[in-house]
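A.B. asks: The structure follows.
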Amino acid sequence: ALCLAFLIRLEEVRVRGIWRLQNCHFPPLRLRIAKKAADPTVFDRERRPKLVTHCRNNDDFEQYVLHEYAIYRMQALVTPVALMSRLARITYVDSAPGKPLATRVAIFLEDEDNLAERLGGRVFEIKGVPQGHLEPFDTFVLGLFQYMIGNTDWSIPGLHNIQIIQTDSATFPRHFALAYDWDFSGLVRTRYATPDHRLRIRTVRDRLYRGICPAEGDLEKAIALFNEKRAAILAVYDDVPGLHPSIVRDGRAYIEEFFRAINDPRRVRRDILDECEK
């Protein structure tokens with residue numbers, strides 16, 4: 001966690017997102033930080049971070065942001081294809097009268113281009129990447145992680161809450177799917193989150209596996225990975241300042257149910273293998 005206690009000069013601020021732009025008082029933002037302002041700070045290589053904001057100015061919506069931050073931390077435990085994140089406390093000021101509107105927690109997310117550079121590649125903007133071009137194990141882990149947090153609000157072919165990273169290889173480029181944006185997940189359980197009406201679930205708390213089928217050996221390997229990280233995943237809640245104890249208890253219970261599911265062969269067969277996209 002990081003509380004930024006200094007001002008940074010911004011070259012550009014623009015809104016992003018579709019649903020939040022239409023439904024939130026504080027839509028998420030993309031920032032561009034001036035190089036001279038960024039150099040002596042933690043933003044020295046992060047001049048175009050995303051800012052995940054509270055949707056509305058009340059404590060419940062701030063708790064959602066804190067819970068999303070916890071999920072970014074959990075994601076980084078099970079895959080290198082995850083955005084680095086930092087907490088900050090941001091004061092929003094009305095530029096006309098100069099009056100502060102709110103001071104709330106927000107999340108800085110690194111620029112996807114920086115993640116792509118770490119993976120030795122670049123952001124790939126084309127929709128409809130064939131499943132066979134994606135790294136099978138990493139893509140299966142992505143689907144299992146989404147299942148863990150109860151998130152169905154994503155699509156690799158449609159690049160919905162997904163970004164594709166292509167490694168630079170002249171012979172056979174590798175493609176990784178990067179997932180982000182968790183406010184429609186069952187784990188966060190925002191008051192406005194509802195599943196797509198075409199899915200066979202009634203609420204976002206109902207888990208539905210929407211990932212790919214595992215290649216030979218990948219199921220056992222992925223389950224072992226999650227079991228190895230189980231304690232660390234649950235311990236993330238200890239490092240999120242300000243998250244309400246009731247949310248922590250509920251979140252841990254929801255995640256523990258996931259671990260019971262993946263360690264029960266019958267439930268794995270019924271809920272994952274019988275549902276996966278071949």
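A.B. asks: If you add up the charges near Ala177, with Lys and Arg at +1 and Asp and Glu at -1, over every other residue whose beta carbon is less than 10 angstrom from its beta carbon, what do you get? Intermediate values should be presented prior to the final figure.
C.D. replies: On the way: positive: none; negative: Glu135, Asp138.
Cβ neighbours under 10 Å give a net charge of -2.
A.B. asks: While we're here: Hey, in the GNM for the chain with a 10 angstrom Cα cutoff, which one of Gly150, Gly17, Gly211 fluctuates hardest?
C.D. replies: Most flexible of the set in this elastic network: Gly17.
A.B. asks: Cut-off 10 angstrom, C-alpha nodes, Gaussian network model of the chain. Which of Pro27, Pro97, Pro173 fluctuates the most?
C.D. replies: Result: Pro97 has the largest fluctuation of those listed.
A.B. asks: Continuing with this model, one more query. Just to verify a number: what accessible area does Ser155 come out at with the full protein assembly present, 1.4 Å probe, Å² rounded to tens?
C.D. replies: 40
A.B. asks: At a probe size of 1.4 Å, how large is the accessible area of His133, to the nearest 10 Å²?
C.D. replies: His133 has an accessible surface of roughly 90 Å² with all protein chains in place.
A.B. asks: What are the principal axis extents of the Cα atoms in segment 93-239, in Å, biggest first?
C.D. replies: Each principal axis gives a Cα extent; for segment 93-239 these are 59, 38, 35 Å.
A.B. asks: While we're on this one: With an 8 Å Cα cut-off and a minimum separation of 6 or more residues, compute the relative contact order for the chain in percent. Intermediate values should be presented prior to the final figure.
C.D. replies: On the way: 462 pairs, mean separation 43.3, N = 278.
Reported as a whole number, the value is 16 percent.
A.B. asks: Measuring with a 1.4 Å probe in the full set of protein chains, what accessible area per residue, in whole Å², belongs to segment 89-221?
C.D. replies: Numbers: 6360 Å² over 133 residues.
Accessible area per residue, segment 89-221: 48 Å².
A.B. asks: Report the equivalent ellipsoid semi-axes for segment 84-163 in whole Å, largest first, defined as the square roots of five times the eigenvalues of the gyration tensor built from alpha carbon atoms.
C.D. replies: 34, 16, 13
A.B. asks: Of Phe140, Phe172, which has the most accessible area and how do the rest follow, probe 1.4 Å?
C.D. replies: Values: Phe140 0, Phe172 130 Å².
Ranking Phe140, Phe172 by accessible area, largest first, yields Phe172, Phe140.
A.B. asks: Now for a separate question. Looking at the chain as a GNM with Cα springs under 10 Å, which of Ala88, Ala96, Ala70 has the largest mean-square fluctuation?
C.D. replies: So, out of Ala88, Ala96, Ala70, the one fluctuating most is Ala96.
A.B. asks: Please report, as a whole percent, how much of the solvent-accessible surface of segment 100-224 comes from carbon and sulfur atoms (probe radius 1.4 Å).
C.D. replies: Numbers: 2870 of 5580 Å².
Summing carbon and sulfur atoms, their accessible area is 51 percent of the total for segment 100-224.
A.B. asks: Normalised by the empirical 2.2 N^0.38 Å for globular proteins, what value does the Cα Rg of segment 143-230 take? Mind dumping the intermediate values first?
C.D. replies: Values: Rg = 14.9 Å, N = 88, 2.2 N^0.38 = 12.1 Å.
Computed over Cα atoms of segment 143-230, the ratio equals 1.23.
A.B. asks: Roughly how many debye, to the nearest 20, is the charge dipole of segment 1-151 about its Cα centre, given +1 on each Lys and Arg Cβ, -1 on each Asp and Glu Cβ, and no other charges? Show your work: numbers first, answer last.
C.D. replies: On the way: 21 positive and 18 negative charges, 92 e Å.
Dipole magnitude for segment 1-151 comes out near 440 debye.
A.B. asks: As a test of reading the structure, rank Thr91, Thr152 by solvent-accessible area (1.4 Å probe, protein chains only), most first. Intermediate results must be reported in sequence, preceding the final value.
C.D. replies: Working: Thr91 75, Thr152 15 Å².
The ordering from most to least exposed comes out as Thr91, Thr152.
A.B. asks: Okay, next question. Counting each pair of different Cα atoms once, what's the Kirkwood radius of segment 195-277 in Å, rounded to one decimal?
C.D. replies: 14.6
A.B. asks: Let me ask you something else. Accessible area per residue of segment 11-64 at 1.4 Å probe, in Å²? It would help to have the intermediate numbers written out before the result.
C.D. replies: Details: 2950 Å² over 54 residues.
Per residue, segment 11-64 has 55 Å² of solvent-accessible surface.
The values are calculated or read from the model by the stated rules, or taken from the named source; none is laboratory data. Owing to the predicted nature of the structure, the values given are computational and were not obtained by experimental measurement. Cβ atoms come from the backbone with ideal geometry, glycine included; neighbour counts cover every protein chain shown. Remember, those area values only see protein heavy atoms, side chains included, never the ligands or the DNA or RNA. Shrake-Rupley method; radii C 1.70, N 1.55, O 1.52, S 1.80 Å.
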